[in-house]
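Working notes for the structure below.
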Amino acid sequence: MEKILIIFEDVKYKNLLPLVYLRPVFDLRTGVFSLADKIKLSFQGYSLFYGAREYLMDNFERFIPDSDSSEILFINGRLLISESVKDRIAELNIGNGFSFGDTLIAAKIDSKTFEQINIDQEGLFDFSSFELKLDQIECTLIEYPWDLINNNMTEIGNDFNKLNRNAEYPENSDGVFLINKEKIFIGENCRISPTVVIDATDGPVIIGSNVTIMPHSAIQGPAYIGAFSTIKMHSAFYHGANVGIWCKVGGEIENSILQSYSNKQHDGFLGHSYLGSWVNIGASTNGSDLKNNYTNVSVNINNVPIDTKTTFFGAIIGDHSKTAINTMINTGTNIGVSCNLFGADFPPKYIPSFSWANSGILVEYKLNKAIEVAKIVMSRRNVEFTESDRIKFEKVFELTKHERN
């Protein structure tokens, strides 16, 4: 019997906006791998398919049954998979599933039952049209963006154990200081300059292939630097620095995730924050991640202030957004897609997508101008801004129009 795995989005993707306006929830990262990749690694041997909002499905394949002999396993894309949860899901019988509270975590069905599943207006699966025998399961679900940050350091350690660690340290290692070397992974073709310190005392350090680390930089594990990224001179990467592929990063970073193709090249502090792709942080931009009264940080999610239940949280910055030089970002700021921040004062703590924020003054960013800039930015990395990208921009612009009026 063919084994099918479908990783799906549910309606609670909305709590992870604006990070998931241009990607499904399962494409977010905590640690080295995306949520989907962690699930995929746990369920090898399955044919992999996805279910998400329709306008995001161009790079993901939907399952279309062509026989009655399929065993179909659904797993919620917000699940942060663990060994114990994986083992329980693997033992599911057809017609059974797991829930966490009122959220469906996993279910196993056959092809005939699959044909009963409805697709809602957004393109999400509606599982209410058939009966499942559900048991409760204890697990970790990504409910809000800060859950990605809160789990980041632990997940870097977990993902380190999943790597094929056969790479050797490059030959030009003179003057590079490696502390707790057995917890350091360095990929092929890296250029690491003398005076660089890589300290894995408190957790592993994972460096992808073709990474450049310039002199007088220090990296404190747990930390991750993705392939083809560049770490600028005098960088200070504290616990939890997590840099995706093709990024250029400098200054101070602590427990923050950069998705991919984002730049923070200059001095300035970024802490307990999540940046999407194609973000550019201007020189001397500083973000606060701790309030002066040491109380919990709250963040505006869908126009509702949500208590993060943590004293440390910085900013959420959506894809294609930018800050000018010397920008100040307040604790718990939520910045949408394709925003431009500048001015001498703190911008608002909630900035709708496609906004120019001159301190407290917000002006709508014209869609055609935003697309024009995105094309230029992506072409500089030899990445094409496709017709699919244009459709997504138009969709997000329309979805967020009410926030700017």
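The values are calculated or read from the model by the stated rules, or taken from the named source; none is laboratory data. What you see is a predicted model, and the numbers here were worked out from it, not measured in a lab. Positions of Cβ are backbone-derived with ideal geometry, glycine not excepted, and every protein chain shown enters the neighbour counts.
So, ILE391, is that one aliphatic (A, V, I, L, M), at pLDDT 95 or above and under 24 Å from ILE149 (Cβ atoms) or not?
no
Can you tell me which residues in the range 224-252 are under 16 Å from the mean Cα position of the chain (by Cα) and either closer than 18 Å to ASP267 by Cβ or without any contact (Cβ under 8 Å) to a residue 12 or more places away in the chain (or both)?
Result: ALA241, VAL243, CYS247.
Please give the number of the condition SER129 fails out of (1) surrounded by 14 or more Cβ atoms within 10 Å (Cβ to Cβ); (2) more than 23 Å from the chain's Cα centre (by Cα); (3) at negative phi.
Result: SER129 fails condition (1) only.
I'm trying to understand the selection: among the residues of the range 262-278, which are buried (at least 24 other Cβ atoms within 10 Å of the Cβ) and in contact with a Phe, Trp or Tyr (Cβ under 9 Å, 6 or more places away or on another chain)? Even if it seems obvious, please write down each step before you answer.
Within the range 262-278, the first condition is being buried (at least 24 other Cβ atoms within 10 Å of the Cβ), and the residues that meet it are 262, 264, 270, 272-276, 278.
Hits for the range 262-278 are SER262, HIS272, SER273, TYR274, GLY276, TRP278.
Please go through the range 351-364 and pick out each residue that is surrounded by 18 or more Cβ atoms within 10 Å (Cβ to Cβ) and either touching a helix residue (DSSP H, G or I) at 6+ places or on another chain (Cβ under 9 Å) or outside the structural domain of LYS291 (by TED's automatic domain parsing) (or both).
Result: PRO352, SER353, PHE354, SER355, LEU362.
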